[in-house]
Amino acid sequence: MKTLIVRLAKYAAIVCLAVSLGLSAFAIYWAYVYRLPRSKPIVVDLRSDKTHENFVNDRCFMICAGLANNPHGYPGHCYIVWDRCAPDRLEYAQSDGFVPGRLVDLVPSLYSDVGGVMADHAVIGNMRNFDYIAVRLDQKPYEKARAIRERFVTDTTFHTGVRDCVAYVDEIAKTIGLKTPTRGFIYPLDYMVRLKALNSKPESDLKD
C-alpha cells in the first residue's frame, strides 16, 4: 500500500512539474511574441473615387487590436475607432468593442453563450502593442459597418471564438469588402497580423 502511495505521489509531482513548465513556457512565449510590434499598421483605400477628397461621401475608421486592459494583457482585444484614419487623439474619438458583460463570465464564455455588451471608449486601456488597419471608404459601406455595430448592440450574445470582439471587427471587415482570415479561437493581435497581410496585396487581389 505504501509503495502505491509513493508511486502516486511521484506521478502527481511529475504532472505538476510538467504543467508548471508548460505554463512557464507559454508565459515566456506570450511575453515575447505579444508584447513586441509584429508588423506596421496599414491604410486601405476602398473609396470608389480615390482621385480627390470628397468630405461629403468619404468616411474612414480604424480596425484595431492591442493587449487587453489587465496587468498581463491577456488575451488581447479587438475594437473599432470610428471616424479616424490615423492614431492621433484617439481618446477623443468614438471607439467600441464587444466584450462579456461581467468579468465572472470570461471563463464560461469559452464553452457557452453569455451576455455581452458593446463597450464604449474601447481604446482606453487597450493600446499596449497597438496595431491597426485604417480604412477609407464611401458613405454607403460606412453605414453598413455602423449597422453591424447596431446588430451587436441589439443581440448581446457573447461566445469566445464564435461571437466575440474578433467576430465583431471581422464582420465589419467582411461587410466593407476586406479579405478576412479564418477566425475560430484566434488572439486579437494574431487576427490583426493576418488581416493586414491579406489586405496589403494589390487591390486586384482583394476581390473574392
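Hey, can you tell me all the residues within the range 154-175 that are of a type in the set (Val, Ile, Thr) and within 22 Å of residue 76 (Cβ to Cβ)? It would help to see each step written out before you state the result.
We begin by selecting, within the range 154-175, every residue of a type in the set (Val, Ile, Thr); these are 154, 156-157, 160, 162, 166, 169, 172, 175.
Hits for the range 154-175 are 156, 157, 160, 162, 166, 169, 172.
Enumerate the pairs (first residue in the range 74-101 and under 17 Å from residue 42 (Cα atoms) and assigned by TED's automatic domain parsing to the domain that holds residue 136; second residue anywhere and surrounded by 23 or more Cβ atoms within 10 Å (Cβ to Cβ) and aromatic (Phe, Trp, Tyr)) with beta-carbon separation below 6 Å, excluding pairs fewer than 6 apart on the same chain, so at least 6 apart or on different chains.
Close Cβ pairs satisfying both conditions: 80/61; 82/61.
If you check residue 148 against the conditions, is it in contact (Cβ under 8 Å) with a residue 60 or more places away in the chain, aliphatic (A, V, I, L, M) and under 17 Å from residue 60 (Cβ atoms)?
No: the conditions fail for residue 148.
Of all residues in the range 149-166, which are crowded, with 19+ Cβ neighbours inside 10 Å and among the hydrophobic types (A, V, I, L, M, F, W, C)? Before you say what the answer is, go through the steps one by one.
Initial filter on the range 149-166 (crowded, with 19+ Cβ neighbours inside 10 Å): 152, 158, 160, 163-166.
Listed by number, the residues that qualify are 152, 158, 165, 166.
Residue 43: at pLDDT below 70 and out of contact with any helix residue (DSSP H, G or I) (no Cβ under 8 Å at 6 or more places or on another chain), yes or no?
no
The values are calculated or read from the model by the stated rules, or taken from the named source; none is laboratory data. Since this is a predicted model, take the numbers as computed values, not measurements. We place every Cβ from the backbone using ideal geometry, glycine too, and count neighbours over all the protein chains shown.
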